Amino acid sequence: MRLALPALALLSGCAALIYEMVWMRWFRLLFGNTAFAASATLCAFFAGLALGAAWFGRRAATTRRPLAAYAAIEAAAAATALLVPLVIVIYQPIYAALYERLAGDRGLFVAVKFALALAAMLPTATLLGGTLPMLAAAYIREPREIGRLGSYLYALNTLGAALGSAAGALWLPEAIGVHGTYAVAIAISIGVGVAALGFAQRDPRGAAPAAPPPRAHPGSAPYALLAVAFISGFGTLGFEVLLIQAVSQTVQNSVYSFAAVLILVLATLSLGAVLVALLARRISASHLLGSALVLEALLLLGVPAVVHALTGGLTTYVSPSFANGLRLAGSYGGLALLAAALVLPLTFWLGEAGPVGPRIGGLLAANTVGGILGSVTASFVLLEWIGLWSSFAALAAAYAAAALLWSGSPRSRALRGVALAAGVTAILATGANPFALPIAPEREREHLLAVEEGAHGVVSVTEQLQPDRSINRKLKVDNYYLLAGSLAQTRLERMGHLPLVLHGDPKRVLFVGSATGGTAAAAVLHPVEEIVLVELIPEVQRLAAEFFHETNRGVYADARTRAVVEDGRNHLSAAPETYDVVVADLFVPWRPGVGSLYSLEHFRTVERHLTPGGVFCQWLPLYQLSEAEFEMIAATFLEVFPGATLWRGDFMGSVPTAALIGYAGTPPRVRDIDGAARRLRALGVEDRWVTDPRGLWMLYVGPLSGAEGELAETPRNSDRWPILEFRAGRASEASRAEFRLQRWPEFVDRIREAVGDADPVFPGRPPEGPRAGAAFARANLLVSARGDSKRPEALAMVRANVPAELLAPPDPTVSEIWPAAPRPAAPRSRRRAR
């Protein structure tokens with residue numbers, strides 16, 4: 001029977017992490033996909049774990065049948081877990097009222113979110129925190145076995161947590177839905193509780209210790225060990241936050257790469273506990289702990305240099321797969337994680353003299369409290385105040401201080417001091433010095449203007465000299481993800497003008513994902529009354545307002561503008577305002593949490609916040625989608641907006657964009673699109689693709705209802721079944737290229753064939769416009785797919801279909817190929833034009 005108890009520890013850890021993954025997802029939908037909201041939820045969960053470990057650990061010392069008590073804890077955890085989704089439903093109207101009052105006070109609002117999450121999760125999280133101390137009291141019969149058996153039990157529990165995080169974050173939500181995933185966790189808790197009760201009934205003592213611990217030993221661990229356990233939790237969770245940021249500098253976060261870091265951390269903690277169980281009898285646990293603290297300090301100090309060395313100075317980029325996330329996280333910080341993983345199990349060995357439950361419970365509680373403070377400090381203090389590389393040095397300093405203060409003979413302390421001094425000197429005196437390494441390296445012909453760091457990443461502004469001597473000012477997140485560049489301003493404004501033109505007379509406009517303000521700049525030229533810019537990353541808004549003022553028409557400083565730092569979905573869900581036009585940016589579908597912006601629930605929320613006749617424009621990065629993701633988004637959108645239309649943002653072959661445009665209620669059958677386009681010209685807009693009706697109609701594809709039949713069986717993306725983020729995270733570059741070059745133009749042709757010239761939304765539109773647009777796009781795709789050898793054929797296609805007046809001068813923001821301009825009559829000059 002005792003051999004089966006470690007299996008219960010593994011299953012219990014698995015269930016706990018599935019609960020956590022589902023709760024994080026639910027509260028992210030309620031509170032928003034911000035770092036502050038995630039931290040509030042995580043801290044609330046950890047606070048419950050710490051409370052449960054401390055309280056149940058003490059109770060374990062006086063419990064005569066700890067295994068039966070453990071069974072009751074697991075069963076109670078399953079029962080109280082059923083209440084959490086009900087509480088979240090109750091919270092929704094409460095949260096909307098709080099958002100209206102507290103959104104402007106970030107600190108207070110985060111505290112309120114923490115309180116709400118704590119109230120919802122506290123009963124279950126407290127019970128989960130008490131499972132391991134109570135199970136340890138049942139499993140470990142002699143206090144002198146706390147070190148060895150406690151380490152093994154902790155290793156299995158943490159390994160189960162790694163499996164639970166993989167199941168709860170990667171596999172189950174896509175396979176059986178979020179509620180099905182939650183049901184699996186509840187079933188595991190019930191099954192573990194039933195098994196433990198059965199084992200307890202076979203053993204009349206319930207596997208209690210053979211003899212009570214000596215009265216001379218206090219119940220809780222000594223303060224020195226509690227302090228070390230606290231430092232271990234602080235450093236490990238802080239390191240996890242920093243490691244995710246470091247990995248993000250070379251791989252764009254997806255649900256897979258993000259989960260890879262969490263799984264690696266938990267698996268390494270398990271491995272560390274096993275190593276301690278094997279080594280601590282052979283080596284003095286006290287000496288081993290001091291050495292582990294020294295090693296961890298030096299390894300943390302060297303992580304920035306390792307990252308730079310393995311990435312060529314942060315100049316490489318890899319796809320956001322699980323394998324890449326695991327590989328990068330392991331190569332950057334695997335050794336440091338393993339050294340950190342030795343610390344907590346070593347405190348088990350050094351606390352062997354006391355009673356099992358209180359010792360393990362107290363150490364786990366101290367470790368968890370340290371983890372709370374470590375994650376918060378790393379996210380919102382270190383990253384914002386001193387930056388990523390210096391934050392690694394700060395954590396290293398904490399471990400170094402613990403190494404110097406840890407007990408031991410004067411000689412052992414002196415040796416630790418010498419090792420630290422030599423290691424730190426060697427690192428700081430060489431190219432490995434973290435304080436000398438750039439976080440935003442300058443690339444060829446690129447000049448760094450500004451950089452800011454925070455919990456959401458590294459945001460930088462650069463200027464790059466182009467071959468034609470023009471300057472492209474760029475706004476980037478995490479070194480490689482380009483939000484926008486100044487040379488693309490015309491293209492960005494076109495993304496704003498199109499929905500504004502389709503509405504005709506907008507007064508209140510919302511832009512979700514404002515970035516540089518390039519798209520929102522279009523609204524500055526229109527007679528709107530209010531422009532609301534919602535952006536997730538505060539550093540993006542600050543730098544955009546400062547460095548893109550000239551290109552974005554000063555939209556951030558416009559008297560009509562209100563800038564909001566918040567998750568766009570959260571703002572729409574909680575704010576009471578309605579809008580004439582809502583414009584949603586090009587969202588990368590595989591990033592964590594972004595899939596919810598393409599969900600049924602979000603689209604319905606947008607529809608509720610549109611005024612009668614309002615327009616919702618969702619832009620799509622076709623170059624970042626495969627056929628499966630595009631059809632899923634289109635089908636989901638069409639279910640909410642049955643009168644939706646499909647538009648192009650350009651005719652590009654390499655980086656095409658498209659817009660799904662929906663209308664509040666039934667779309668009007670007559671819109672003066674031609675007149676609106678001409679009015680744009682009167683407002684000073686110089687983009688002929690929206691000011692010339694012929695150019696505007698070339699961007700039109702047709703009503704999305706033309707594909708209703710083929711989309712009927714396509715799965716919809718929803719909060720209950722969040723399929724998109726998983727499929728997008730697995731999609732290959734080959735599948736995206738196939739969609740862009742082949743499946744997308746075929747989809748367009750099928751819509752045109754299904755609708756013909758009898759357009760139900762725009763019955764009077766000229767039939768030649770969409771045909772010309774399709775020909776222009778196919779010409780670009782031909783060159784993009786088959787190279788310059790097809791350029792003459794592509795150009796002939798353009799000349800035969802596109803009005804000549806729209807082809808001059810060349811506009812690189814809408815097409816990559818252009819017919820050559822007629823040669824001037826003047827004699828040729830040998831001098832190269834500048």
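In the stretch 82-102, the condition of being small (G, A, S), open to solvent by less than 20 Å² (accessible area, probe 1.4 Å) and either at pLDDT 90 or above or farther than 30 Å from R282 by Cα (or both) is met by no residue.
Quick test for you: out of L610, L620, L600, L625, pick the one residue that is within 25 Å of I244 (Cα to Cα) and either among the aliphatic types (A, V, I, L, M) or crowded, with 21+ Cβ neighbours inside 10 Å (or both). Only one candidate qualifies: L625.
Between A397, A421, the distinction of being touching a helix residue (DSSP H, G or I) at 6+ places or on another chain (Cβ under 9 Å) and farther than 30 Å from Q464 by Cβ belongs to A397 only.
State whether one or more residues within the stretch 356-377 are touching a strand residue (DSSP E or B) at 6+ places or on another chain (Cβ under 6 Å) and outside any loop (DSSP other than H, G, I, E, B). No, every residue in the stretch 356-377 fails to be touching a strand residue (DSSP E or B) at 6+ places or on another chain (Cβ under 6 Å) and outside any loop (DSSP other than H, G, I, E, B).
Every listed requirement among (1) out of contact with any helix residue (DSSP H, G or I) (no Cβ under 9 Å at 6 or more places or on another chain); (2) crowded, with 24+ Cβ neighbours inside 10 Å; (3) charged (D, E, K, R) is met by E296 save one, (1). Could you check the stretch 612-633 and list, in sequence order, the residues that are part of a strand (DSSP E or B), farther than 14 Å from V582 by Cβ and of a type in the set (A, V, I, L, M)? The one that is part of a strand (DSSP E or B), farther than 14 Å from V582 by Cβ and of a type in the set (A, V, I, L, M): L620. Scanning the stretch 253-310 for residues that are among the charged types (D, E, K, R) and free of Cβ contacts under 8 Å to residues at least 60 places away in the same chain yields one hit, R282. Here the helices (runs of 4 or more DSSP H) wholly within the stretch 734-805 that include at least 2 residues being closer than 18 Å to E708 by Cβ, at pLDDT 90 or above and open to solvent by 10 Å² or more (accessible area, probe 1.4 Å) are 744-755. Picking from residues in the stretch 1-45 that are charged (D, E, K, R) and part of a helix (DSSP H, G or I), the one that is most open to solvent (accessible area, probe 1.4 Å) is R28. Looking across the stretch 231-257, the residues that are open to solvent by 20 Å² or more (accessible area, probe 1.4 Å), closer than 30 Å to N33 by Cβ, modelled with pLDDT of 85 or more and out of contact with any Leu (no Cβ under 6 Å at 6 or more places or on another chain) come down to L237, E240, V241, I244, Y256.
Listed by first and then second residue, the pairs linking a residue in the stretch 38-50 that is closer than 17 Å to F258 by Cα to a residue that is among the polar types (S, T, N, Q) and surrounded by 21 or more Cβ atoms within 10 Å (Cβ to Cβ), with Cβ atoms under 7 Å apart and 6 or more places separating them unless they lie on different chains, are S39/S375; S39/S379; L42/S375.
Set side by side, the residues A309, A285, A305, A273 differ, and just one is touching a Phe, Trp or Tyr at 6+ places or on another chain (Cβ under 6 Å) and either basic (K, R) or over 19 Å from T368 (Cα atoms) (or both), which is A285. Consider the stretch 672-712 and keep the residues that are over 20 Å from H497 (Cβ atoms) and in a helix (DSSP H, G or I). The one that is most open to solvent (accessible area, probe 1.4 Å) is E708.
Can you tell me which residues in the stretch 612-637 are within 21 Å of the chain's Cα centre (by Cα) and touching a residue at least 40 places away in the same chain (Cβ under 8 Å)? Scanning the stretch 612-637 gives Q618, W619, L620, L622, Y623, Q624, L625, S626, E629, F630, M632, I633. Figure legend. Inter-residue proximity from the stretch 349-368: first residues open to solvent by 20 Å² or more (accessible area, probe 1.4 Å), second residues of a type in the set (D, E, K, R), beta-carbon distance below 6 Å, spacing 6+ or different chains. Indicated pairs: E352/R144.
Only one of the numbered conditions (1) closer than 27 Å to L42 by Cα; (2) hydrophobic (A, V, I, L, M, F, W, C); (3) open to solvent by 20 Å² or more (accessible area, probe 1.4 Å) is violated by L395, and that is (3).
Looking only at the stretch 157-171, residues that are open to solvent by 30 Å² or more (accessible area, probe 1.4 Å) and either more than 25 Å from G130 (Cβ to Cβ) or without any contact (Cβ under 8 Å) to a residue 24 or more places away in the chain (or both) come to 1 in all. At least 3 residues being open to solvent by 10 Å² or more (accessible area, probe 1.4 Å) is the threshold, and among the strands (runs of 3 or more DSSP E) wholly inside the stretch 441-551 those reaching it are 446-454, 457-465, 471-477, 481-485. The C-beta contact set for the stretch 491-507 (first residue over 17 Å from W697 (Cβ atoms), second residue assigned to a helix (DSSP H, G or I) and of a type outside the set (A, V, I, L, M), distance under 9 angstrom, 6+ apart or interchain) comprises P506/P499.
The values are calculated or read from the model by the stated rules, or taken from the named source; none is laboratory data. Since we're looking at a predicted model, the values are computed, not measured. Every residue, glycine among them, receives a Cβ derived from its backbone with ideal geometry; neighbour counts consider all protein chains shown. Surface accessibility is based on the protein's heavy atoms, side chains included, excluding ligands, DNA and RNA. Shrake-Rupley method; radii C 1.70, N 1.55, O 1.52, S 1.80 Å.
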